[in-house]
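Engineer: This structure is in structure tokens; I'll ask about it shortly.
The values are calculated or read from the model by the stated rules, or taken from the named source; none is laboratory data. Keep in mind it's a predicted model, so treat the numbers as computed, not measured. Cβ coordinates were reconstructed from backbone atoms using ideal geometry, including for glycine residues, and neighbour counts include every protein chain displayed. Calculation scope for accessible area: heavy atoms of the full protein, side chains included, ligands and nucleic acids excluded. Shrake-Rupley method; radii C 1.70, N 1.55, O 1.52, S 1.80 Å.
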Amino acid sequence: MAKRHLITTALPYANGPLHIGHLAGVYIPADIYCRYLRAKGEEVLLVGGSDEHGVPITIKARKENTTPQAIVDRYHVIIQKSFEELGISFDVYSRTTKPIHHETASAFFTKLHENGKLIEKSSEQYYDEEVGEFLADRYITGTCPQCGNANAYGDQCEACGTSLNATDLINPKSALSGNTPVMKETQHWYLPLDQYENWLKEWILEGHKEDWKINVYGQCKSWIEQGLQPRAVTRDLNWGVKVPLVGAEGKVLYVWFDAPIGYISATKEWCEQNGQNYEKWWKDDETRLLHFIGKDNIVFHCIIFPVMLKAEGSFILPENVPANEFLNLENDKISTSRNWAVWLHEYLEDFKDKQDVLRYTLTTIAPETKDADFTWADFQAKNNNELLAILGNFVNRTVVLIHKYYEGIVTAAGEYTDEEKEVIAKIAEFPNTIGASIEKYRFREALAELMNLARLGNKYLTDTEPWKVVKTDPERVKTILHLSIQICACLSVLGEPFLPFTSQKLQKILNINIHNWNDGGKVDLLKAGDKINAPEYLFEKIEDAAIEAQVQKLPK
């Protein structure tokens, strides 16, 4: 592996709270990956932050008759707290309104400008004469030329999903005044993506054909083969990173340009606090850069941001961009405008101490290759029939029996049978099997293997029947429970990336503190004479009433 790993997660927009689609697509996979690497002893930096610029922020502020700063201050706190409570192990979670980000983004733009990497040109854009402002795409509504929806936006029709330009709309209206806007000339700076087409073909289409996910590679291939056009990196707006040029008053860096630089500024922030030079993370070929994102961000992280880094000239490029597809809710597309979502902060209120149940469920249905669907019935079944009935049941039976027969003292193992030697050999394989799946970004597969270890333990305990054998061969029971408690210890180590709260609780019960990944295949983690703590249930049954309450919360 590389010397160090820089892992970034898409910056959530600070104009609303997090929902389960964000978690399944980006944040839980990234957290599993980083926790695994740390358990392997690798040097890892997990970088995140709130994206606090852009038109959606200003639109929400206008609707609520407040300031953009007030909006981002409110939602940044909600988002950050939700991440912490779910156990997403960011090393740094920053925000793009911080001075260090404005300085970093301004310096990045300035270097591109001074080195002739940007082009400047005039264009005509919609302008609201009454308000005296150029109109961003979302500030223009009109009739969709494709489906006739009268409330389409200047960038997209949400009724039919068609991507639009504001000039495509029929009967355009300003969302600020309701007036018909006029076309007015304005000056902007552009990133000439077309000049990098040949390089992108070589870097992506030839260089990453085998190692990037099919959905990511396919979308990049489609974009490149359609032909790339210069893309504006500035816009007329008063909220964002100011364009650092004389005569550019009233202009800010376009949010798609400004936001990914947030990964760099957040790294700088962490390095300043920890006495490190950020360049070892961003300018050293010994560092692996990985972006965890959703499929709607593929073009920005695979084409636009790499072109920005290439144009700047001193930064490393992403090794991989393991983007996921979308998560639906109860067979319908998640929609924040319709409130058709499961909000993380509300879940954490309603299901206290069940962070891992959500992490587990979303990992088992992760939209890794195609869109997936979350249902409350499946959530209940995953808890009751898998976590509780398989993992929790095995651990509880083992711990209860050791307390019942030996007052919580781990017994020494006698001679293992041939069947037990086969079980031990299988246990030894799990760290590599689970790890290989994680390293290929197959988190569903990895978690399924973890549960196979719990099934192995359950089957072993059921087949050997120590509660019966104790009456005829009490010495044999010592060996059975010795091996069973070792499997519990292995589960606590290998389960940590997926179920961090459960693993912590299990290690407390077992009275151990073991976090080395390779130890998860060993059957000597607890020694004869060690004392384990009293049994506690790792999971509890989720009743129908709790699920029905969640279903009723969804809009009818």
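Engineer: Find the centroid of the Cα atoms in the stretch 413-475 and in the stretch 1-74, then give the distance between the two in whole Å.
Structural biologist: 37
Engineer: Once the cut-off is 25 Å, how many percent of the Cα-Cα pairs in the stretch 367-470 end up in the long-distance tail? Each step should come with its number before you reach the end.
Structural biologist: Values: 1880 of 5356 pairs.
So the portion of pairs separated by more than 25 Å is 35 percent.
Engineer: What is the gain in length, in nm to one decimal, between Lys352 and Glu64 on full extension, counting 0.36 nm per residue of separation less the C-alpha to C-alpha distance?
Structural biologist: So the extension gain works out to 100.6 nm.
Engineer: I would also like to ask the following. What's the Kirkwood radius of the stretch 391-450 in Å, using all Cα pairs?
Structural biologist: About 14.0 Å for the stretch 391-450.
Engineer: A further question follows. Rounded to the nearest Å, what's the spacing between the alpha carbon centres of the stretch 378-404 and the stretch 110-169? Just the number, please.
Structural biologist: First find each Cα centre; the distance between them is then 55 Å.
Engineer: Hey, could you pull the Cα Rg and Dmax for the stretch 36-184, both in Å?
Structural biologist: Gyration radius and largest Cα-Cα distance of the stretch 36-184: 20.2, 61 Å.
Engineer: Further question: Just report the Cα centroid separation between the stretch 496-517 and the stretch 234-308, whole Å.
Structural biologist: Taking the Cα centre of the stretch 234-308 as reference, the centre of the stretch 496-517 is 36 Å away.
Engineer: Now a separate question. About the Cα centre of the stretch 489-556, how large is the charge dipole given +1 on each Lys and Arg Cβ and -1 on each Asp and Glu Cβ? Please answer in debye to the nearest 20.
Structural biologist: Approximately 100 debye in magnitude.
Engineer: In nm, give the distance between the simple-model label positions of Glu158 and Asp296, each being 7 Å from the Cα along the Cα-to-Cβ direction.
Structural biologist: 1.0
Engineer: Between Ile264, Thr167, Phe109, whose Cα lies farthest towards the positive end of the dipole of the chain when Lys and Arg beta carbons carry +1 and Asp and Glu beta carbons carry -1, centred on the Cα centre?
Structural biologist: Final value for the positive-end residue is Ile264.
Engineer: Give me a comma-separated list of calculated 3J(HN,Hα) values for the stretch 188-202, in order, Karplus coefficients 6.51, -1.76, 1.60 applied at θ = phi - 60°, integers in Hz, x for any Gly or Pro.
Structural biologist: So the J values, rounded to whole Hz, are 9, 9, 10, 8, x, 4, 4, 6, 10, 4, 5, 5, 5, 4, 6.
Engineer: Rounded to the nearest 20 debye, what is the charge dipole size of the chain about its Cα centre when +1 sits on each Lys and Arg Cβ and -1 on each Asp and Glu Cβ?
Structural biologist: Here the size comes out at about 600 debye.
Engineer: Normalising by the residue count of the chain, find the relative contact order in percent from Cα pairs under 8 Å and 6+ residues apart.
Structural biologist: It comes to 16 percent, rounded to a whole number.
Engineer: Ok, one more. Under the definition of Cα pairs under 8 Å and six or more residues apart, what whole-number percent is the relative contact order of the stretch 1-63?
Structural biologist: 53
Engineer: While we're looking at this one, here's another question. What nm distance separates the two modelled labels at Asn277 and Val469, each placed 7 Å from Cα along Cα→Cβ?
Structural biologist: Using points 7 Å along Cα→Cβ, the separation is 6.0 nm.
Engineer: Once the dipole of the chain is set up with Lys and Arg at +1 and Asp and Glu at -1 on Cβ about the Cα centre, which of Thr369, Ile438, Ala413 lies farthest towards its positive end?
Structural biologist: Value computed over the given set: Ala413.
Engineer: What number does the chain give for Rg over Rh if you use C-alpha atoms and the Kirkwood radius? Intermediate results must be reported in sequence, preceding the final value.
Structural biologist: On the way: Rg = 26.9 Å, Rh = 25.9 Å.
For the chain, the value is 1.04.
Engineer: Evaluate the Debye formula for the stretch 117-236 with equal point scatterers sitting on the alpha carbons, no solvent, and hand back log10 of I(q)/I(0) at q = 0.10, 0.13, 0.20 Å⁻¹, in q order, two decimals.
Structural biologist: -0.44, -0.68, -1.05
Engineer: Given the -39500 (n - 2.57) contribution per DSSP H run of 4+ residues, what per-residue ellipticity at 222 nm results for the chain, rounded to the nearest 500 deg cm²/dmol?
Structural biologist: Numbers: 19 runs with 232 residues, N = 556.
So the helix-based figure for the chain works out to -13000 deg cm²/dmol.
Engineer: If the chain between Ala107 and Lys541 were fully stretched, how many nm would it gain, using 0.36 nm times the residue separation less the Cα-Cα distance?
Structural biologist: That pair, Ala107 and Lys541, stretches by 150.8 nm at full extension.
Engineer: Which value, in debye to the nearest 20, gives the size of the charge dipole of the stretch 362-492 about its Cα centre, when Lys and Arg are +1 and Asp and Glu are -1 at the Cβ? Write down the numbers at each step before the final one.
Structural biologist: Numbers: 15 positive and 19 negative charges, 57 e Å.
Computed about the Cα centre, the dipole is about 280 debye.
Engineer: Here's a follow-up. Determine the sum of side-chain charges near Asp418: Lys and Arg each +1, Asp and Glu each -1, restricted to other residues whose C-beta is under 14 angstrom from that of Asp418.
Structural biologist: -3
Engineer: Could you work out the local net charge near Leu525, counting Lys and Arg as +1, Asp and Glu as -1, over the other residues with Cβ closer than 14 Å to its Cβ? Mind dumping the intermediate values first?
Structural biologist: Details: positive: Lys522, Lys527; negative: Glu496, Asp519, Asp524, Asp530.
Here the count lands on -2.
Engineer: Suppose all protein chains stay in the model; what accessible area per residue would a 1.4 Å probe give for the chain, in Å²?
Structural biologist: With all protein chains present, the chain gives 43 Å² per residue.
Engineer: Any number yet on Rg/Rh for the stretch 424-479, C-alpha, Kirkwood?
Structural biologist: 1.19
Engineer: Using only Cα atoms, what is the ratio of the radius of gyration of the stretch 414-511 to 2.2 N^0.38 Å? Display every interim value, and only then the final one.
Structural biologist: Details: Rg = 14.7 Å, N = 98, 2.2 N^0.38 = 12.6 Å.
Cα Rg divided by the expected 2.2 N^0.38 Å: 1.17.
Engineer: Right, here's the next one. Computed FRET efficiency, Cβ-Cβ of Gln550 and Lys508, R0 30 Å: what is it to the nearest 0.05?
Structural biologist: 0.50
Engineer: Still on this model: Share of the chain's accessible area from carbon and sulfur, percent, 1.4 Å? List each step's numbers first, then the result.
Structural biologist: Numbers: 10960 of 23770 Å².
Carbon and sulfur atoms account for 46 percent of the accessible area of the chain.
Engineer: Please work out how much length the chain gains when fully extended from Ile100 to Ala377, using 0.36 nm per residue of separation minus the C-alpha to C-alpha distance, in nm with one decimal.
Structural biologist: 95.2 nm
Engineer: To the nearest 0.05, what FRET efficiency results for Ile170 and Ser123 with a Förster distance of 35 Å applied to their C-beta separation?
Structural biologist: On the way: r = 21 Å, r/R0 = 0.60.
The pair Ile170/Ser123 has a calculated efficiency of 0.95.
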